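Each value in this text was obtained by applying a stated rule to the coordinates, not by laboratory testing. These numbers come from a predicted model, not from an experiment. Cβ sites come from the backbone with ideal geometry, for glycine too, and all protein chains shown count toward neighbours.
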2 protein chains.
Amino acid sequence: MVFLASCDLQTKNQEKAASLSDPLPSWNEGTSKQSVVDFVEVTTDTASEFFIPKNERIVVFDNDGTLWSEQPVYFQFIFIMDRVRQLAPEHPEWKETQPFKAALEGDMDGVIKSGAGALLTLTIVSHTGMNSDEFEQIVKDWIKTARHPQTGKLLKEMVYQPMLEVLDYLRANGFKTYIVSGGGIDFMRPWTEEIYGIPPEQVIGSTLKSQFEIVEGVPEILKMPEMEYFNDKEAKPLSINKFIGRRPVAAFGNSDGDLNMLQWTAAGEGKRLMVYIHHNDSVREWAYDRDSNIGRLNKGLDEALDKEWVIVDMKEDWKKIFPE
Amino acid sequence: MVFLASCDLQTKNQEKAASLSDPLPSWNEGTSKQSVVDFVEVTTDTASEFFIPKNERIVVFDNDGTLWSEQPVYFQFIFIMDRVRQLAPEHPEWKETQPFKAALEGDMDGVIKSGAGALLTLTIVSHTGMNSDEFEQIVKDWIKTARHPQTGKLLKEMVYQPMLEVLDYLRANGFKTYIVSGGGIDFMRPWTEEIYGIPPEQVIGSTLKSQFEIVEGVPEILKMPEMEYFNDKEAKPLSINKFIGRRPVAAFGNSDGDLNMLQWTAAGEGKRLMVYIHHNDSVREWAYDRDSNIGRLNKGLDEALDKEWVIVDMKEDWKKIFPE
C-alpha cells in the first residue's frame, strides 16, 4: 500500500511535469501548434466528451515530404541510383542501355523523363534478386552513409525536427504512430525504428511480390521482380484498413496522394485531427505545391482550406527544419 | 529520489510475485509446459546468451484449432451458414439453387462436398455487399450469441483456457502476440481483442478485395466479391513478413497449414520456440490429425517429431480445455 501510494504520486508528478514543459519546442506559437496540442489534450482527458480510449489512438503519417524531405527526388530514388551503380560491374551492357545509362551517369532528370516504366525497371533491378534478410542489410548499410546531392547532409538527418517532436509527443500520450507511405515497405523498415522510433510492424508502404522457398533446407523469402501494391491515393485508406483494421484518429500528409487517407480519417466519429505540411520555405528547405511533380499539393490544399484542416506553414510554424 | 526508489522496489516485488506464482495453471507439469516457461525465462533474462530485446519479441499464433476449436467445421463456416439464412428472404431463388439450398437446409456436409468453388460463393455472398463498418457490426452482433451445433456452447467460449494463459504469460513478459490465420481478417478482428486480448492491428488473415469510394461525400471502404489473399501454408510466412516485417521468435500452430510459419520461425537466429497443438482428446474436445479434412496434421507432425519441436498432448498436458 505504501509503495502503491508513492508510485501513484510519482506518476502524477511526472505527468504534471510533462504537461508543464513544452512538448513541441521547435514549433512557433500559433494555430498549427495549438491545434495539435488541443487535440492531444482533449482526446486524452477522461473527463472530456472527446476522450479516445488508448487502444483506439492510432495516428498515421505519410513519410516523404511529411517526416523527411523529398526534393529534388524521393530519397528512395537516390538509393536506386546508388544501387544501380553498385551492380553495374556485373552488367556491362547497362552502359549502352536506357534507363541504366542515364542512371549510371547520375542523370536523374533523364531517368525521370524516361517515364514510369523506366523507373519501375530500375526499382526492380535494385530491390529484387535477393532474400528479405539480404535486402534489409543492403538498406541498413546504405542509410548509414547516404548523402543528399545538394545539401551534402546525411539523408537520415534530413528528417523534420518538429515532426520528430510530434511523434514523441503523441507516443508519450498513448498514441500509436504508423507510417503509411507510397515508399517501399522494405526500404523504410530497416531504419524507421532508429530514426523515428517507429517499429517495422507500424510501417506500411508499397510492396513488390515475394516468394517463400526452402533453399537447401533453409526457408527464405525471395524478393521477386514484380510490383504488388502501390500504396498511394485510395490505396492508403485501403492499406490502413488491411494492416491496422482501425480507422485512425489523426493523419499527417503533405500531398494529394495523402488526401484519401485524410478524408478517411476525417470521416470517423468524434474528434479528429487532419494536418497537411505545406512546403513553402525555399530558403531552409524547398517551396512547392500545386504544380510540383513530386509531392504535388493541389486538390488536397483546396480541401484542407475548405474543411479547415491544419495547414502547417513550414516557414512560419517551424523554428527549425532539421535536427542540429 | 524517494519516489523513484519506492517505485523501483514496487516493480521488483511485483516481478518477484509474478515469477513465484504459476503463470500457466491449466497446464499439467511436463515437458510441454516446461518448454514454454524455459523459453520465456531464458529469452527475457538480460544475463542469458539467449536474451531477446523487447522490440523483437514477436510471437505468432494460428487461430482455428490453436486458440479455439475448429470441429466439425471452421467456426467461420457457421457464420457463413447463419448469414445465408439471414439473407435468404431477399433471395427466394436460393431455395432451389446449390450451394444455397444445402446451406439453408443446414446441410454442412452437402455444402462441403460441393467443393471449394461452392464454399467461395457462400463466403462471398455472406462477407461482401456492405462497407467495412457494417460488416464489423454484423460480426460483432453474431459472435455475441452464436453457438456450437454440437456442444451448445457459445463459440466465443470454445477458446482454449491453456492458450489464453500462454497469451497472457507472454504479454506479461513483453512479447507482442499476433494471430496469423487462414480465417478472414475482417471476421476475426471484431472480437479478438475482447476474447484473446489481441487488438485488430495484430490480426493477420485471409482477405477479400476492397474498394475505396466516396459515396455522397462520405468515404467508405466497400467489401468486394473477389478473393484477394488466402493466408495459408507459404502465404503465412509471406504475410508475416509483409505485415510485421520481423521474424517471429515463437510460433504456435496445429496443422500442416502452419508448417511454413513454424519453419520460418525456426530458421531465425538464437533461441526459438515452435509449438504444435495435437488434438488427441476425443472426450473433452476432438481427436484428429493425419487424415482429417479440417486441421490435418501430417507433414507437420513428422517435422515436429524430427526437429523436436514442442507437441502439446491436449489430453495429458491440459488440465482443462475451455474456460469454466
Förster-model FRET efficiency, 25 Å R0, A:Asn293 and A:Asp82, C-beta, rounded to 0.05: 0.70
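What number in nm² do you get for segment A:210-316 if you take the convex hull of its Cα atoms and divide its surface by four?
Working: hull surface 39.9 nm².
Computed as one quarter of the Cα hull surface, the answer is 10.0 nm².
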Rounded to the nearest 10, the angle in degrees between the Cα long axis of helix A:75-87 and the longest principal axis of the Cα atoms of chain A comes to 30
State the answer as a single residue: which of A:Gln137, A:Phe79, A:Ile124 lies farthest towards the positive end of the charge dipole of segment A:75-145, with beta carbon charges of +1 for Lys and Arg and -1 for Asp and Glu, about the Cα centre. A:Phe79
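Rg over Rh of segment A:267-324, using C-alpha atoms and the Kirkwood radius, what does it come to?
Working: Rg = 13.0 Å, Rh = 12.7 Å.
Ratio of gyration radius to Kirkwood radius: 1.03.
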With +1 on each Lys and Arg Cβ and -1 on each Asp and Glu Cβ, how big is the dipole of the protein assembly as shown about its Cα centre, in debye rounded to the nearest 20? 400
Between the label point of A:Gly270 and that of the same position in each other copy, find the distances and list them shortest first in nm, with every label point placed 7 Å from Cα along the Cα-to-C-beta direction. 3.5
Figure the gain on full extension for A:Glu228 and A:Glu49 (residue separation times 0.36 nm, minus the Cα-Cα span) and round it to one decimal in nm. 60.2 nm
Compute the angle between helix A:31-43 and the longest alpha-carbon principal axis of chain A, please, reported from 0 to 90 degrees and rounded to the nearest 10. 70
What average count of beta carbons from other chains do you get within 10 Å of the Cβ of residues in A:176-187? 1
Using a label point 7 Å beyond Cα on the Cα-Cβ vector, give me the inter-copy distances for B:Val218 in nanometres, one decimal, shortest first. 5.4
Kindly express, to the nearest 10 degrees and within the range 0 to 90, the angle between helix A:2-20's C-alpha long axis and the longest C-alpha principal axis of chain A. 70
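Taking all pairs of distinct Cα atoms, average 1/r, flip it, and tell me the Kirkwood hydrodynamic radius of segment A:64-121 in Å to one decimal place.
Values: mean 1/r = 0.0845 Å⁻¹.
It works out to 11.8 Å.
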For the protein assembly as shown, the Cα-Cα pair-distance distribution in 20 Å bins from 0, as whole percents, is 17, 48, 32, 4
Counting only other chains, and only Cβ atoms inside 10 Å, what mean value do you get across the residues of A:234-247? 6
Work out the FRET efficiency for B:Leu120 and B:Ala146 from their Cβ-Cβ distance, taking R0 = 22 Å, and round it to the nearest 0.05. 0.55
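State the antiparallel share, in %, of DSSP beta bridges confined to chain B, rounding to the nearest 5.
Details: 13 of 32 bridges.
So the antiparallel bridges in chain B amount to around 40 percent.
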If you count, for each residue, the other Cβ atoms within 10 Å and average over each peptide, how do A:118-131, B:132-145 line up from highest to lowest? A:118-131, B:132-145
In Å, what Rg and Dmax follow from the Cα atoms of segment A:109-193? 15.8, 46
Nearest 20 debye, what's the magnitude of the dipole of segment B:144-183 about its Cα centre given +1 on Lys and Arg Cβ and -1 on Asp and Glu Cβ? 200
Find the relative contact order for chain B and round it to a whole percent, using C-alpha pairs within less than 8 Å whose residues are 6+ positions apart. 22
Placing one equal point scatterer on each C-alpha of chain A and summing with Debye, one gets log10 I(q)/I(0) at q = 0.12, 0.16 Å⁻¹ equal to -0.87, -1.42
Computed from the beta carbon distance with a Förster radius of 45 Å, FRET efficiency for B:Glu194 and A:Ile195 to the nearest 0.05 stands at 0.80
Would you kindly work out, in nm and rounded to one decimal, the distances from the label point of A:Glu308 to those of the same position in each other copy, ordered shortest first, with label points 7 Å along Cα-to-Cβ? 6.8
Just checking the output field for B:191-199: average partner chain Cβ neighbours within 10 Å of each residue's Cβ? 1
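Return the loop-located GluC sites (Glu not before Pro) in segment B:267-319 (DSSP other than H, G, I, E, B) with at most 15 other Cβ atoms within 10 Å of their own Cβ; answer none if there are none. Can you show the working numbers first?
Working: sites: B:Glu269, B:Glu285, B:Glu303, B:Glu308, B:Glu316; in loops: B:Glu269, B:Glu285, B:Glu308.
Filter output for segment B:267-319: B:Glu269, B:Glu308.
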So what's the back-of-envelope 222 nm ellipticity for chain B, counting only DSSP H runs of four-plus at -39500 (n - 2.57) apiece and dividing by all residues, rounded to 500? -12500 deg cm²/dmol
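I'd like the antiparallel share, as a percent to the nearest 5, of DSSP beta bridges with both residues in the protein assembly as shown.
Working: 26 of 64 bridges.
Among the beta bridges of the protein assembly as shown, antiparallel pairing accounts for roughly 40 percent.
When the dipole is taken about the Cα centre of chain A, and only Lys, Arg (+1) and Asp, Glu (-1) are charged at their Cβ, what size is it in debye, to the nearest 20?
Values: 35 positive and 52 negative charges, 47 e Å.
Around 220 debye, computed over chain A.
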